[in-house]
Amino acid sequence: MKKISFIGLGPVGLCMAVCFAAKGYQVTAFEKDASKANQIKSGEPYFYEPHLEEFLQKTQNKNLRIVTNNEEAVLQSDITFITVGTPAKRNGTINLRYLTEASKEIGKSLKKKKEAHLIVVKSTVTPGTTQNIVKPLVEKNTGRKCGKDFFLCFNPEFLREGNAIKDVLEPDYIVIGGYNQKSAGMLKELYNEFHKEHLPSIIQTNIPTAELMKYANNTFLATKISLINTMANICEKIPGADVTKVAEAIGKDHRINPHFLNAGLGWGGSCFRKDLQALITFSKERGYRPMLLEATCRANDLQIKFTIEKIKEKLKKIDGKRIAVLGLAFKPNTDDIRESQSIKLVEQLQKEGAKVTAYDPMAIPNTRKTLDKGINYALSAIECLKNSDCAILATEWEEFKKLKPEDFVQNMKTPILIDCRRLYNQEKLSKQLCYIAIGLGELAEPQL
Ligand code: UGA
């Protein structure tokens with residue numbers, strides 16, 4: 001079995017590292033941030049991801065070693081995955097600082113190694129980056145030639161937070177962008193062995209095409225959500241219309257499929273906005289303005305504005321009103337609040353003078369770090385609702401589904417609920433409180 005190393009232990013690097021280790025590979029994983037590395041070494045991930053802790057505890061100190069020295073990771077492996085972050089810069093382009101640092105360090109470490117080595121870039125990068133930045137930096141620091149003395153691939157990752165372990169173990173497909181046939185062949189062999197009889201389809205191509213595929217995937221998904229959100233907004237103008245039913249129906253068309261058709265407050269998370277913006281900037285710099293992608297982003301921003309308008313319509317003014325926000329994470333089953341639409345909504349409500357109380361089963365500690373001023377944190381959903389003038393169901397955590405109409409009626413000052421995910425039954429709730437949902441028109445008269 002090949003020995004594997006990972007450079008950068010964010011959600012992608014750490015989840016992949018524990019999965020490879022769980023399958024019996026010797027894995028050396030490098031994290032340059034000593035406090036993160038120490039926490040991982042103690043068997044506790046520094047972020048929440050279902051099953052990650054259990055996988056880490058199963059593999060840590062057995063065939064998974066966490067190191068803070070790049071050389072140790074590279075020299076103890078045959079294949080190195082670069083899994084560093086490529087965050088957005090203010091101008092929309094991606095920050096390549098960590099990637100260039102990693103490439104230089106890998107180059108320096110590889111100089112001391114005689115055997116063939118494969119470098120696999122997993123970090124999301126705009127087309128051309130692997131060949132124009134990673135390759136020359138490794139060549140310069142090793143003094144060796146790519147494709148002959150060491151090998152190079154770009155291999156995008158499609159895992160979702162909250163489902164990361166399963167996505168690594170059972171991906172829908174694998175993309176291998178190889179610098180040459182030998183590079184691609186080495187990575188193919190690894191995945192063949194990793195997935196055995198469950199090997200998904202492998203799409204082999206050149207590096208720039210593979211780099212673009214990652215952006216194509218994320219921008220398609222974001223656009224699909226913005227499209228269903230647009231349908232949701234139209235449904236609200238039609239008495240009796242229900243976007244959930246629209247999604248259910250069009251999802252039966254195999255050309256559309258039922259996934260990523262859940263309308264709501266809009267998409268968030270660390271990837272969609274960053275990737276859309278990076279691709280828009282990349283294209284504009286090359287003389288093409290991708291207007292559809294700009295519209296995808298604009299539609300997403302507007303979902304917050306439309307939600308604020310719904311609140312205003314009911315409360316008349318927001319200033320001084322107590323608003324309960326249920327859910328802060330960018331989606332359920334994670335404590336991640338990066339680019340969370342719920343957090344953006346809270347900020348906007350605060351700007352307009354609302355007194356916000358929020359509750360989230362996992363994301364309060366992370367929210368406290370960024371949003372501490374003037375926001376109250378509740379210990380439960382019920383406590384959050386107490387004495388509020390309006391409640392907003394922003395993130396669809398499982399535990400919110402258990403709330404009953406009485407919980408709203410008995411705890412709120414004025415029971416007005418804006419349900420951004422249509423978690424509750426409109427007909428039932430409308431009998432007891434003022435129930436407004438994204439994607440539902442007013443209740444229509446029953447037809448005889
Ligand atoms: C996304 C992609 O789904 C992954 O394939 C990709 O690997 C990852 O970005 C990345 O580039 O690292 P992730 O950001 O973890 O994964 O989360 P998603 O499950 O895609 O959800 C993104 C946002 O869309 C969330 O705010 C979610 O609530 C929202 N969403 C998703 C909807 O509003 N409706 C849906 O039907 C689905």
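The values are calculated or read from the model by the stated rules, or taken from the named source; none is laboratory data. Everything quoted here is computed from the prediction, not taken from an experiment. Glycine gets a Cβ as well: all are built from the backbone with ideal geometry, and neighbour counts include every protein chain shown. Ligands, DNA and RNA are excluded from the accessible area calculation, which covers all protein heavy atoms including side chains. Shrake-Rupley method; radii C 1.70, N 1.55, O 1.52, S 1.80 Å.
Figure note: Arg422, Arg144, Arg97 ranked by solvent-accessible area, largest first, 1.4 Å probe, ligands and nucleic acids not counted: Arg97, Arg144, Arg422. Spread over its residues, the convex hull of the C-alpha atoms of region 193-281 is 143 Å³ per residue.
The Rg/Rh ratio of region 4-205, with both radii computed over alpha carbons and Rh defined as the Kirkwood radius, is 0.94. Principal axis analysis of the Cα atoms in region 169-241 yields extents of 60, 28, 12 Å, listed in decreasing size.
Would you be so kind as to identify which of Cys153, Ala241, Tyr179 lies farthest towards the positive end of the dipole of region 144-264, taking Lys and Arg as +1 and Asp and Glu as -1 on Cβ and the Cα centre as origin? Farthest along the dipole direction, towards plus: Tyr179.
Remark: spin-label model distance Lys245-Arg97 equals 5.3 nm, labels positioned 7 Å along the Cα→Cβ axis.
Using heavy atoms of the protein chains and a probe of 1.4 Å, the accessible area assigned to Arg65 is about 90 Å².
Summarising the overall dimensions of region 225-321 from its C-alpha atoms, the Rg and Dmax are 16.3, 49 angstrom. Taking every pair of alpha-carbon atoms in the chain, give the share separated by more than 29 Å as a whole percent. Distances greater than 29 Å cover 52 percent of the Cα pairs. What percentage of all Cα-Cα pairs in region 238-437 are separated by more than 21 Å? Counting every Cα pair in region 238-437, those more than 21 Å apart make up 55 percent. Local charge sum around Leu212 (other residues, Cβ-Cβ under 14 Å, Lys/Arg +1, Asp/Glu -1)? Here the count lands on 0. Think of each Lys and Arg Cβ as +1 and each Asp and Glu Cβ as -1; about the Cα centre, that makes the dipole of the chain roughly 1220 debye. Based on protein heavy atoms only, the chain ends up with 47 Å² per residue of surface accessible to a 1.4 Å probe. Would you give the gap between the C-alpha center of region 206-231 and the C-alpha center of region 339-413, rounded to a whole Å? Cα centroid to Cα centroid, the span is 31 Å.
The Lys402 and Ile133 beta-carbon pair, evaluated with R₀ = 35 Å, returns a calculated FRET efficiency of approximately 0.10.
Measuring with a 1.4 angstrom probe and ignoring ligands and nucleic acids, His259 comes out at about 120 Å² accessible. With Cβ to Cβ distances under 11 Å as the rule, what net charge do the other residues near Lys182 carry (K, R +1; D, E -1)? Local charge sum for Lys182: +1.
Here region 4-205 exposes an accessible surface that is 46 percent carbon and sulfur, computed with a 1.4 Å probe and the other protein chains kept in place. For the residue pairs Lys214/Lys305; Lys114/Lys145; Lys36/Lys369; Lys214/Lys274; Lys140/Lys188, alpha carbon separations beyond 19 Å are given by Lys214/Lys305; Lys140/Lys188.
With both residues required to sit in region 23-125, DSSP beta bridges show an antiparallel share near 10%.
A dipole drawn for region 238-437 from +1 and -1 charges on Cβ atoms has a positive end, and of Ala358, Trp267, Ala295 the residue lying farthest that way is Ala295. Place a label point 7 angstrom from the Cα of Gln348 along the Cα-to-Cβ direction, then list the residues of region 405-433 whose backbone nitrogen is under 16 Å away. Those under the cut-off are 418-421. Among Ile202, Ile375, the order of accessible area from largest down is Ile202, Ile375, computed with a 1.4 Å probe on protein heavy atoms. Met213 exposes around 50 Å² of accessible area when a 1.4 Å probe is run over every protein chain in place. How many percent of the alpha carbon pairs in region 296-353 exceed a separation of 16 Å? Of the Cα pairs, 47 percent sit more than 16 Å apart. Count Lys and Arg as plus one, Asp and Glu as minus one, and take only other residues whose Cβ is under 10 Å from that of Ala378; the net charge is then -1.
Each Lys and Arg Cβ is given +1 and each Asp and Glu Cβ -1; about its Cα centre, region 2-66 then shows a dipole of about 400 debye.
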